[in-house]
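Nothing in this text is a laboratory measurement; each read-out follows from the coordinates by a stated rule. As the structure is a prediction and not an experimental result, all values here were calculated from the model. Here the Cβ positions follow ideal geometry from the backbone for every residue, glycine too, while neighbour counts run over all protein chains shown.
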């Protein structure tokens, strides 16, 4: 695969996060909108952390010349700890695929009355077929689709502001009732932690193709700005029409209220976002288990198919339930490994300086 440069890196990094929960508004509302105006502060902080940790992680892959998720997360040669970190990351990537499949099922049922199980099954088949192309297929898909998602989300926000007005944008009510997230600070921390854990699993096989520091800094900063645009558009849209947050897919409900065509268009856009995120997570998961098992490497198609079928089965649990329960739990667990990764970066940076001085 050829070298990854600034814009390609930006689109790939953003693609790690713009999934069903994010674009639908369900995830952003549970973790930020439900905390009132402090939710805006929380996401601004989350974006800053995404940028800082993203730069640290890609630089770490450069300095260590390593693409193994568990070795990047744990700097010490402790087998059981590395195995635990890799297993947690792999399980989370699997649950991301599950939630994307669940989101598709919920969206197609909400918009067209398609049975949830059928919509999820067709979606997982398409993701499986694209995942067979590996990292290059994922990066090419992101480069084509992510810019459209960012611009379309901003366009819908402008339509919402014009239709519903902007008076309620800075008057968000505190509605949080999730005991796993007692305040906006903890919600922000867990949101960043589980997203970065998934992002690391996805970006581990990608980092080796980013060879220049200027592309790292430029790409990750641009990604942060795009995340701010998308999240700001969604949160302010829902603040302008808060009735939509009662739906399982709030932004689809909002767009449908604008008019039926807009609802269908947003549904298609959401489908694209879910496809990108599920694809990224499945490719990251596949890359990790291939590194750990020769058997998997020789039977890649069969393993990918088995994982896809399991993800479809898990998606029948329901979309909102997965986001409100599974994601926060993984967020708490992920904090520990993110601290380990920062320690690993500091050690690798020190070693790099010492080598340069010799």
In what sequence do 111, 18, 132, 170 fall when counting other Cβ within 10 Å, fewest first? 170, 132, 111, 18
Compute the relative contact order of the chain as a whole-number percentage, counting only Cα pairs closer than 8 Å that sit 6 or more residues apart in sequence. 40
Heads up, the chain by the C-alpha gyration tensor (a ≥ b ≥ c square roots of eigenvalues; a/c under 1.5 rounded, else a/b over b/c prolate, else oblate) looks prolate
With n ≥ 4 as the cut-off for DSSP H runs, can you work out [θ] at 222 nm for the chain, using -39500 (n - 2.57) per run divided by the number of residues, rounded to the nearest 500? -26500 deg cm²/dmol
A correct fewest-to-most ranking of 2, 300 by other Cβ atoms within 10 Å would be 2, 300
Per the C-alpha gyration tensor (a ≥ b ≥ c, the square roots of its eigenvalues), the range 1-47 is rounded if a/c is under 1.5, else prolate if a/b beats b/c, else oblate; here it's oblate
The range 215-267 and the range 102-134: distance between their alpha carbon centers, rounded to Å: 20
Would you order 304, 228, 151 from fewest to most other beta-carbon atoms within 10 Å of each residue's own beta-carbon? 151, 228, 304
